[in-house]
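S.K.: Dropping a structure here in structure tokens format, bear with me for questions.
The values are calculated or read from the model by the stated rules, or taken from the named source; none is laboratory data. Computed from a prediction, not measured in an experiment: that's the story for all the values here. Glycine also receives a Cβ, built like all others from the backbone with ideal geometry; neighbour counts cover every protein chain displayed.
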Amino acid sequence: MYRSPHLSAPRSFSLLSLLCLIFAAWAWALDADYLPDEKLIERIRREHGAPAAERVAKWGALMQQLPAFDEMGRLRRVNAFVNSIPSATDMSIWGELDYWATPLEFLVKNAGDCDDYALTKYFTLRSSGIPAEKLRISYVRAWLPKQMKMEAHMVLSYFPSPDADPLILDNLISDIRPAPERTDLTPTHHFNAEGLWSARQRGQNGRIGDASRIGRWVGLLSRMKEGM
């Protein structure tokens, strides 16, 4: 589970260097081909072992297959593949309370928490050609019946049309369901590479800024740009 969104710029960056990083990362994120090549897979094999390299290779094979399916077919295949990775806390994996792993880090570790599932689904589906305006990473409050409490959570939302109710891709359940059927989830914010929205309004309404306000998003794009 993630902590509440951090909506200010990382203090370690100067304003100018932060803006340069944001614009470069956004341009790269919107145009990048995330398909892992043989050189990358071999590097993963050397540095992290054969099982990690096999997972990355399977991810690449999935991305090559996705364009042959309609968008719903892509959603189902990506949701099933990503949800097959075991769940674990950031503290147990990274020794941090909240760490947003890149897809490669997630696959190499073969473990992650809710934000890692949502982010990996987002980048995989973007690579398949689904437009950014149809995909948003969503901050929600999730009701956990076993614990009898609400907890911060993250899912991927797919909007078939601008004003439609989204479909929810979640690691807590295997089914992709329309948002109105997920009465256990209360959305608060959505974001993607193009912006940050309040969940109080539907569709393209409710924009409250840029995703650059989320420090972990900027750091994630930077690590992806560097090849991990």
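S.K.: So, restricting to helices (runs of 4 or more DSSP H) that lie completely within region 76-130, which ones have at least 1 residues that are polar (S, T, N, Q)?
M.R.: Where helices (runs of 4 or more DSSP H) fall fully within region 76-130 and carry at least 1 residues being polar (S, T, N, Q), they are 90-94, 114-127.
S.K.: Among the numbered criteria (1) in contact with a Ser or Thr (Cβ under 7 Å, 6 or more places away or on another chain); (2) surrounded by fewer than 20 Cβ atoms within 10 Å (Cβ to Cβ); (3) farther than 18 Å from Gly219 by Cα, which one does Tyr34 miss?
M.R.: Unmet condition: (3).
S.K.: Scan region 91-108 for residues that are charged (D, E, K, R) and free of Cβ contacts under 8 Å to residues at least 24 places away in the same chain and jot them down.
M.R.: Across region 91-108, the qualifying residue is only Glu96.
S.K.: Additional query: Would you be able to say whether some residue in region 21-31 is among the small types (Gly, Ala, Ser) and modelled with pLDDT of 50 or more?
M.R.: No, because not a single residue in region 21-31 is among the small types (Gly, Ala, Ser) and modelled with pLDDT of 50 or more.
S.K.: State yes or no: is Gly209 farther than 24 Å from Gly129 by Cβ and surrounded by fewer than 21 Cβ atoms within 10 Å (Cβ to Cβ)?
M.R.: Against the criterion (farther than 24 Å from Gly129 by Cβ and surrounded by fewer than 21 Cβ atoms within 10 Å (Cβ to Cβ)), Gly209 qualifies.
S.K.: Search region 108-163 for residues being surrounded by fewer than 17 Cβ atoms within 10 Å (Cβ to Cβ) and under 16 Å from the mean Cα position of the chain (by Cα), and hand back the single one that is modelled with the highest pLDDT.
M.R.: Asn110
S.K.: So, one more: Search region 111-145 for residues being among the charged types (D, E, K, R) and touching a strand residue (DSSP E or B) at 6+ places or on another chain (Cβ under 7 Å), and hand back the single one that is farthest from Met228 (Cα to Cα).
M.R.: For region 111-145, the residue satisfying everything is Arg141.
S.K.: So, one more: Right, Tyr158: closer than 24 Å to Met228 by Cβ and among the aromatic types (Phe, Trp, Tyr) or not?
M.R.: In short, no.
S.K.: Looking at (1) out of contact with any Gly (no Cβ under 6 Å at 6 or more places or on another chain); (2) touching a residue at least 40 places away in the same chain (Cβ under 8 Å); (3) in a loop (DSSP other than H, G, I, E, B); (4) farther than 18 Å from Leu119 by Cβ, find the lone condition where Asp165 falls short.
M.R.: It fails just one condition, (2).
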